[in-house]
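Throughout, read-outs are computed from the coordinates displayed, never taken from laboratory work. Here the structure is a predicted model, which means the values were calculated and not measured. Cβ placement follows ideal geometry from the backbone for every residue including glycine, while neighbour counts extend to all protein chains displayed.
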Amino acid sequence: MDIQYISNLLLAVPLLPLFGATVLILAPLFSIQIPKLIVSVIAVGSISLAAICSILLNIELNEPSFNPVYGNWIQVDELTISFGLYLDALSLVMISIITGVGFLIHLYSIGFMDKDKDFQRYFAYLNLFVAAMLILVLADNLLLLFLGWEGVGLCSYLLIGFWHEETKNNLAANKAFIMTRIGDTGMAIGMFLLFFQLGTLNIQQIQTSAAELWPLVDVNQKYNLDMVTICCLLLLAGAVGKSGQLPLQSWLPDAMAGPTPVSALIHAATMVTAGVYLIARCHGLFELSPFAMQCVAAVGAITLFIAASAALVQNDVKRILAYSTISQIGYMFLALGAGAFSAAVFHLMTHAFFKALLFLSAGALIYSMHHEHNIFRMGGLAKKLPVVWLCFFIGCAALASLPLMSGFWSKELILGKLLDQHMYGYWLIAIAGAFITAFYSFRLFFVIFYGETKKEPDSQPSRIMVIPLSILGFLAIFGGIQPQGLIDMFSSPDSGQASHSIAIVAFTILVPICAVVFSFFQFKKGVFGRIIQSSVLNQIHRFLLSGWAFDWFYQKIFIDPFIELTRMNKSDVIDLFYKTIIGASRMLHNFLSQFQNGQLRWYSTSLVLFSVISLTFLLSR
Amino acid sequence: MILMNLILILLVGGIAAWLCESISTNAPKWVAVFSLIVALYPLRTVLFNLDAITSDAWLINESIPWISRFNISFHLAIDGLSLLLVLLTLTMGMVAVLAAWKEIKQRTGFFYFNLLWSLAGVVGVFCALDLFLFFVFWEVMLVPIYLLIAIWGYENRRYAAMKFFLFTQAGGLLMLLSICAFVLLHYQQSGELTFNYLDLLQHKLSDQSAFWVMLGFFIAFAIKLPIVPFHNWLPDAHTQAPTAVSVILAAVLLKTGGYGLIRFVLTIFPEASYDIAPYVMAIAGFSVIYGALMAFSQQDLKRLVAYSSVSHMGFVLLGCYAFTVQAWQGAVMQMLAHGISTSALFALVGAIQYRYHTRSLKELGGLWQTIPKLSAVGIFFVIASLGMPGLGNFVAEFLVLIGSFTTYPKLTVVATSGLILAAIYSLVIAQKTFFGPLKLGNAIDLDNREVLMMSSMAVLLIWMGLHPQPLIDLAQQTLNNFPLGVQ
């Protein structure tokens, strides 16, 4: 392979969308009007070229890894940070997903955002996002990764608050940015610590020197908070924030305030999976710390259950999907924690397909239903919106991991790996989660498309929206092929696929099917959307609806005291000290100036008094 | 006589601007622009030979006897660090003139006179290598700023100007005492009376006296930086100052504090500085957090940005006293990046105030709907100030923190949480000013002059964020020649 050619090709992947973004951002600043058509050509063109580049890379790359360095960024003493990209099976899968799904969503957005007055700004942000995301997954060192990491966070912020006239959207954007920033700060400290310990920020070097410095002595040293564990947990903080995992998950449902294609691209397919990518990328480090791996698994398991249960009762179609995203990423974390990195990334990939499909079809649905989000104000749409119906069916089936869908293969793989690792407790949670997932996805599906019609759709999705939908639909069904490169990359000698008994396999396959059937009967009985009479159930419903009341809790514990504290000290307590000096000198001035009153008797009295006192003083010595 | 010409151009330009007012009220600003451009001319030999800089201690070093009786000379010199700061001064001086372009309508001649004289003072501070001369320039930059605030400021200008003057003067007094004590101690021991920096640098004071002399310098510079609890002059001065003066204050005046710490305190008294480093680091960390918390609670946009300055300058102090190369480089970068990003924010607030006659966050809102260019630029600088990677501020903060972490890990973790607080107050600016429903009426968007001014600052920040190496190398030149007492 031609090294120069490939390194240019690789560089083009992030730079093309960046170029698109730059043009679209700068033009209005210098009062240049770009017609809508040209905007679409620039935006979609740049990303499709990037997609072509990544396809070519898929063909050309025939080595395990490729690491071109394009220049130096920062070099101070022993700290050297370069603009280096790192291409291996993992980043190849990631850039293929990002450019591929990104391209489809860009295309779809042309139709979806057609009537929006800020068409150009939308695509500028979207292109910038894709560029940042590509830098994130291609970076060969943690600082460049952090550049992409914060870059996607910024674009997410800008796009959640895209319709900025409404304060509600801005608050959601702020919440997303600040909550992820909390995780990012942990991650930054992790970087400092890694540099302090290992003297480098290059990801590959970190992993090799960490393996030398902190060899894994005993696999059973579970609760030892050694240096490598601290490093891993700090990186995990960043991953948790970005991927909407416990305890920093509550920004993601609110992030649905943004345009729906944005939710598909950023808050389902790509950005929120950055945490999974980070851990998979640093797997060499995480494998050195069994305790950190346990934490990853625990975070994943708890999150997947909490989010799935919250998705059960939501009535906003986008919020259901948001909670389901959190829950599915929980599966990925669980897989990571079990050491099944390949399975985690595989699930990331299939999830990108079917969740993007679901969000885009939800977008088409909302578009056709006059911006209606509440599923209980829809119904009976199967015949009226056949395309949307079909897409939803495929998406829900894949999400529920019904047999032979893409989501089925990846989720089965994760469940199997859990059994391999003898993590039975986690396996049970995952199975329970799978049941709930299948249940709520078909609750969503039945409520929207069957039953009586409550509202008529006013339009069908335009053709430019249908094309991406059908491609994604195809991928959501048939995309369940685990990339061979991933298997090779993460396979360790001892991890042969253990065979499980037929009964267990059959059980895992049957669970989602039972859930779908159960869901159907509940729907027939009219359970969904019925007003709850019992007050206990009502309490539980409200608790779940709020996503286990995390927002309330954080408000009481952090936000209210913070606001109260800053409000109390609004006029700066330290200034009081200086104000006191001012006050004291002014008082002294007032006091002393009384004596200069122009009255002769005052002056003579004080003269006499002073003479007497000083004379007495002198004489008494 | 490169540096003397440079300072002379600014001083003469100031007088010319004053005299020109009688011709036209617009003439002074053109004179100011012209003299700032001409001031770059003497530096051409250095600027075009940056690659050749390697080991020499001073890029330019010139000295003429001045008050020979006390062996005081007019000794000016620059190395990498001073060159960076002089360039920052001239660039941001230009920005200040552009920011004042339409805002200042009264007594324009005297305004630009003061502006140029204060810039001359700052350039002098960055170049002076004679302690007495340094003190003179320290005062030269102070008085014009006092006048600028007191005459062209906003509603509460007299109070603010007086407060600014008294704080700085108190620091100046301490510094003068330290200078005198230092020179006299040197005289006692060596029998040679000199104010020359390079001579004094060779001199070792006893631990006790070094501590007190160092403390005098330190407090003077800490007030200027400013560091909690000496920061109270800053919010008032910034809030009441006209936009151009806010720009100068944030961009260059605060930097004289950081410069002084590096050039004098750390270089002359490395041991004494090293001894107090743990306390200073704690104060710096506290400053970062306290400034950010104060910024969050402000309703006046200018006050908010001013407090954010306090928080950002905490990083400079943190970097200076961490005693690692990265942290020190970060401190220099932070001075440059903060100089640009915060000045840009002040210029923006000025632009908003010029249009709406208010800076209150309660009254503003939804500006994007009527002035999108200004708002987009505003978002950019807000993002820069919260430390977005790819922009100068991030490189600076990253270097400071990664450098400090090796020596003071716990304090660094505390200071790092300032990044979260920075995000909070920065987003408050964005949300309450540019987003949300439009509360005030329409206004005219940025004109070409403002777009030019803002975009050049944005380009500088991006350049510093993506290719900081030339700046780092220049600053490294200073560091190589004066190994700051790394123990």
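With respect to chain B, whose longest principal axis is taken over its alpha-carbon atoms, helix B:80-100 is tilted by about 30°. By its C-alpha gyration tensor, with a ≥ b ≥ c as the square roots of the eigenvalues, how is the range B:160-241 shaped: rounded for a/c under 1.5, else prolate for a/b larger than b/c, else oblate? The shape class here is prolate. Over the Cα atoms of chain A, the radius of gyration divided by the Kirkwood radius equals 1.14; this is the Rg/Rh ratio. Within chain A, which DSSP H helices have Cα atoms that stretch 20 Å or more along the helix axis and a mean Kyte-Doolittle hydropathy of at least 1.0? Correct list, ordered by number: A:3-29, A:36-60, A:89-112, A:119-138, A:142-160, A:227-242, A:290-311, A:341-368, A:424-449, A:463-478, A:502-525, A:600-619.
So for the protein assembly as shown, considering every pair of alpha-carbon atoms, how many percent are separated by more than 56 Å?
Here the long-distance tail beyond 56 Å is 22 percent of all Cα pairs in the protein assembly as shown.
Among B:Lys163, A:Lys525, sorting on how many other beta-carbon atoms sit within 10 Å of each Cβ, with the fewest leading, yields A:Lys525, B:Lys163.
Fewest first, what order do A:Phe66, A:Phe333 take by the number of other Cβ atoms within 10 Å?
The most exposed by this proxy come first: A:Phe66, A:Phe333.
Here's the picture: a label point sits 7 Å out from the Cα of A:Phe30 along the beta-carbon direction, and within the range A:123-160 the residues with their amide nitrogen under 19 Å of it are A:124-125.
Between the range B:106-127 and the range B:85-100, the alpha-carbon centres lie 11 Å apart.
As a calculated quantity, the FRET efficiency between B:Phe34 and B:Ile67 at R0 = 35 Å, using C-beta atoms, amounts to about 0.60.
Simple spin-label estimate for A:Asp316 and A:Phe617 gives 7.8 nm between the two label positions (7 Å along the Cα-to-Cβ direction from each Cα). Take the alpha carbon atoms of the range B:280-311, find their center, do the same for the range A:500-558, and report the distance between the two centers in whole angstrom. Between the Cα centres of the range B:280-311 and the range A:500-558 lies a distance of 46 Å. Between A:Phe478 and A:Val536, the simple spin-label model (points 7 angstrom out along Cα→Cβ) gives 5.2 nm. Taking every alpha-carbon pair in the range B:287-487 and binning the separations at 5 Å intervals from zero gives 1, 8, 16, 19, 18, 14, 10, 6, 4, 2, 1, 0 percent. Here the Karplus relation 6.51 cos²θ - 1.76 cosθ + 1.60, evaluated at θ = phi - 60°, turns the backbone of the range B:203-210 into coupling constants of 7, 9, 8, 5, 3, 4, 5, 4 Hz, with x for every Gly and Pro. When you restrict to C-alpha pairs under 8 Å that are six or more residues apart and normalise by the size of chain A, the relative contact order lands at 12 percent. Could you work out how far the C-alpha centroid of the range A:44-61 sits from that of the range A:570-614, in angstrom? That distance is 81 Å. Taking a Cβ cut-off of under 11 Å around B:Gly350, the surrounding Lys, Arg, Asp and Glu residues balance to a net charge of +2, with basic ones at +1 and acidic ones at -1. Where in the range B:300-314 does the label zone of B:Lys362 land, with the point 7 angstrom along Cα→C-beta and an amide N cut-off under 11 Å? Residues B:300 qualify, since their backbone N sits under 11 Å from the label point. The stretch between B:His467 and B:Tyr279 holds 64.3 nm of extra length on full extension. This uses 0.36 nm per residue minus the Cα-Cα distance.
Percent relative contact order of chain B, based on C-alpha pairs within less than 8 angstrom and at least six residues apart?
The value is 15 percent.
The shape of the range A:531-570 comes out prolate: with a ≥ b ≥ c from the C-alpha gyration tensor, a/c is at least 1.5 and a/b beats b/c. Taking label positions 7 Å along the Cα-Cβ direction at both A:Phe553 and B:Tyr354, the computed distance is 5.1 nm, reported to one decimal.
Using C-alpha pairs below 8 Å separated by at least 6 residues, the relative contact order for the range B:216-293 is 43 percent. In this structure, A:Phe591 and B:Glu155 have a Cβ-Cβ separation that, at R0 = 22 Å, corresponds to a calculated FRET efficiency of about 0.15. Ranked from largest, the principal axis spans of the Cα set of the range A:36-145 equal 53, 34, 18 Å. Taking a ≥ b ≥ c as the square roots of the eigenvalues of the alpha carbon gyration tensor, the range A:345-403 is prolate, as a/c is not under 1.5 and a/b beats b/c. Taking 0.36 nm per residue of separation and subtracting the Cα-Cα distance, full extension of the segment from B:Val143 to B:Ile444 would add 104.8 nm.
With 19 Å as the limit on Cα-Cα distance, the pairs of A:Lys168/B:Lys439; A:Lys36/A:Lys117; A:Lys117/A:Lys454; B:Lys373/B:Lys432; A:Lys384/A:Lys455; B:Lys224/B:Lys410 that go past it are A:Lys117/A:Lys454; B:Lys224/B:Lys410.
Extension gain, A:Phe376 to A:His500: 0.36 nm times the residue separation minus the Cα-Cα distance gives 40.5 nm. Angle of helix B:108-127 to the longest C-alpha principal axis of chain B, folded into 0 to 90 degrees and rounded to 10: 40°. If R0 equals 25 Å, the separation of the Cβ atoms of A:Leu37 and A:Ser470 corresponds to a calculated FRET efficiency of about 0.60.
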